[in-house]
Amino acid sequence: MIERDLRTYLQDAARAGELLFVDRDVDPATEAPGLIKRSIEREKIVLFRSVAGRSTRVVANTLGSRRWLSESFGCGTGGLVSRIREHQSRVLAPELVASAPVKEVVARAVDLRALPILTMHEGDAGPYITGGIGIQLDPESGRQNAGYYSLQLKGSDRLGLRMLASTQGYEIFQRRLRLGLRTEMAVAIGLHPVEMIAAATHTLLDEFALAGGIRGEPVKLVKCERIDVSVPAYAEIVLEGTILADDMEPEGPIGDWLGYYPLVEARHILKIEQLTCRRNPIYQTILPGSAEENLLLAIPREADVLRAARRAVPGVRDVSLHPFLPVCVIQLTKAREGEPMNAILAAFGEVPFIKICIAVDEDVDLHDARDVLWAIVTRAKLDEDLEVIRNVLGFSRDPHHRHRSKLAVDATAPLEHREHFRRTRVVSPKGDLDAYLARHEWRDD
Ligand SMILES: Cc1cc2nc3c(=O)[nH]c(=O)nc-3n(C[C@H](O)[C@H](O)[C@H](O)COP(=O)(O)O)c2cc1C
Ligand SMILES: [Mn+2]
């Protein structure tokens, strides 16, 4: 059973020791981002009680770790991706409800500056909302669309909308404009990881129908106050706005997923007309370029790569796009020589972001970079098992055309000499180390 919303999820995480609490007041520009970074390094969720003297709590690294996420979804580490893969084919339309926790407070006036919006990097232009999900109604299909589009704080009711032309969100904005419709967008902040992962998925489906499929029950949505968009009933905060088509301003920079500052560009403004929230709302944020952002993007794409690679090679067991999306590791039980390359090519075909793809045997831990390097060093013939593939689509962010080539590495052991590649294994007892540890300090005895 998956929890209903962010709050119940965080309660569970706190009980399991996965949540760090910061009760001291922290600064949104000089303290909070660095503390989030360190929490991410410890693979813990972090909840700030007070930012800039305001009482709205801030949560970051909500996904925590792959291990915790799997536990909270009720499946083993490998099972998380399988679960998402299975459920992608069983979408469940959202259910519209009349009343919702996110309507507990319907603000009379909007002042975005009252929100604890963080400034993440030294070179960022200012505070950005990074954990919000932009929701629009596609007038053509009648379906809603959701995705993450970072929002630069520009004023009490103005946000610079960093919605790239490659997104469906941008297409819908353009379509509504052509049809002479209001270019409405809601931003939902503070969601459960199921809805967060669904919104990060590259799909043509309604992201909340996908989330319903993963949950096994429809996601509850509620109508906005001022625009014709429906939002998650259990979101913490919802901003309702209109994209001002004739009003563009410089947006950026904000450090991106690759760890660079993109160029400042003229972008549209999202004008916020209404804010609704739960009582004592929790503001959710995501550190760009972090392991959390990567995990969010990796999980649904691992499901896609797993499907494609397995179609090419049935012996594919698992794939990883973590901790860095452009590096893919495929774990397989090879039946014939050549299969690792087939699986790798399928992965490249599926996700253009992948720049380096490494195939490893089933005895290698694909989530452990050291183990993957061990496989390359001890099993790959570097003059035969590497292929450079040229002139293929790379990252969408590629002004210098540096990412149009890819490296494939077959780091699997040759089938005919299996016995020479048997891994050592340390003789181990059943219990974990903790079961053996004494509870005292140093003693001179
Ligand atoms: C934390 C996070 C931040 C993101 N920021 C942006 C952004 O600022 N602009 C953008 O166009 N895409 C951004 N993305 C990627 C899009 O959200 C992603 O491509 C999504 O699938 C787009 O959905 P859509 O195609 O349905 O519009 C971000 C993704 C994540 C996970
Ligand atoms: Mn979409």
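Each value in this text was obtained by applying a stated rule to the coordinates, not by laboratory testing. It should be emphasised that the depicted structure is a prediction, and the values quoted were computed from it without experimental measurement. Cβ sites come from the backbone with ideal geometry, for glycine too, and all protein chains shown count toward neighbours.
For every other residue with a beta carbon closer than 13 angstrom to the beta carbon of residue 71, add +1 if it is Lys or Arg and -1 if Asp or Glu, then tell me the sum. Residues close to residue 71 contribute a combined charge of 0. Compared with the dominant Cα axis of the chain, that is its longest principal axis, helix 369-379 is turned about 30°.
Working note: Cα atoms of segment 74-185, range along each principal axis, descending, whole Å: 43, 40, 35.
Lys and Arg at +1, Asp and Glu at -1: add these up for the other residues within a Cβ distance under 10 Å of residue 346 and post the number. Could you put the intermediate results ahead of the total?
Working: positive: 307, 310, 311; negative: 350.
The answer is +2.
Among 34, 213, 169, the residue with the largest mean-square fluctuation in a Gaussian network model of the chain, with springs joining Cα atoms closer than 10 Å, is 34.
Lysines within cross-link reach of residue 271: Cα-Cα under 19 Å, excluding same-chain residues under 8 positions apart? Reachable lysines: 154, 223. Site pair residue 141 and residue 166 shows an inter-label distance of 1.9 nm when each label is modelled 7 Å from Cα along Cα→Cβ.
Give me the net charge of residue 356's neighbourhood, meaning all other residues with Cβ under 12 Å from the Cβ of residue 356; Lys, Arg count +1, Asp, Glu -1. Local charge sum for residue 356: +1.
Using Cα pairs under 8 angstrom and six or more residues apart, how large is the relative contact order of the chain, in percent? Intermediate results must be reported in sequence, preceding the final value.
Working: 946 pairs, mean separation 62.5, N = 445.
After rounding, I find 14 percent.
The order of 427, 51, 106, 58, going from fewest to most other C-beta atoms within 10 Å of their C-beta, is 427, 106, 51, 58. Kirkwood hydrodynamic radius computed over the chain comes to 23.4 Å, based on all pairs of distinct alpha carbons. Computed from backbone phi with θ = phi - 60° and the Karplus coefficients 6.51, -1.76 and 1.60, the 3J(HN,Hα) list for segment 191-208 is 10, 5, x, 4, 5, 5, 5, 4, 5, 8, 6, 8, 8, 8, 7, 5, 4, 6 Hz; x is used for glycine and proline.
For residue 26, nonlocal amide neighbours, meaning residues 5 or more places apart or on other chains whose placed amide H falls under 5 Å from its own, are 50, 51, 52, 53. When the GluC sites (Glu not before Pro) in segment 126-195 are filtered for DSSP coil states and for at most 15 other beta-carbon atoms within 10 Å of their beta-carbon, the remaining sites are 140. Pairs of alpha carbons in segment 31-106 separated by more than 22 Å make up 52% of all such pairs. Segment residue 445..residue 55, full-extension length gain: 135.1 nm, with 0.36 nm per residue of separation and the alpha-carbon distance subtracted.
Counting Lys and Arg as +1 and Asp and Glu as -1, each charge on the Cβ, what is the dipole of the chain about the Cα centre in debye, to the nearest 20?
Numbers: 58 positive and 64 negative charges, 116 e Å.
Roughly 560 debye for the chain.
Mark the label point 7 Å from the Cα of residue 436 along Cα→Cβ and return the residues of segment 324-367 whose backbone N is within less than 15 Å of it. Residues passing the 15 Å test: none. Shape annotation for segment 69-277: C-alpha extents along the principal axes are 44, 39, 34 Å, from largest to smallest. With the highest mean first, a sort of the peptides 215-227, 414-426 on other beta-carbon atoms found within 10 angstrom per residue produces 215-227, 414-426.
For the chain, adding -39500 (n - 2.57) for each run of n ≥ 4 DSSP H residues and dividing by the number of residues yields -7500 deg cm²/dmol at 222 nm. Averaging sequence separations of C-alpha pairs under 8 Å and six or more residues apart, then dividing by the length of segment 1-122, give the relative contact order as a whole percent. Relative contact order of segment 1-122: 25 percent.
Of the cross-linked pairs 44/430; 44/220; 334/381; 44/103; 103/220, those separated by over 24 Å at the C-alpha level are 44/430; 44/220; 44/103.
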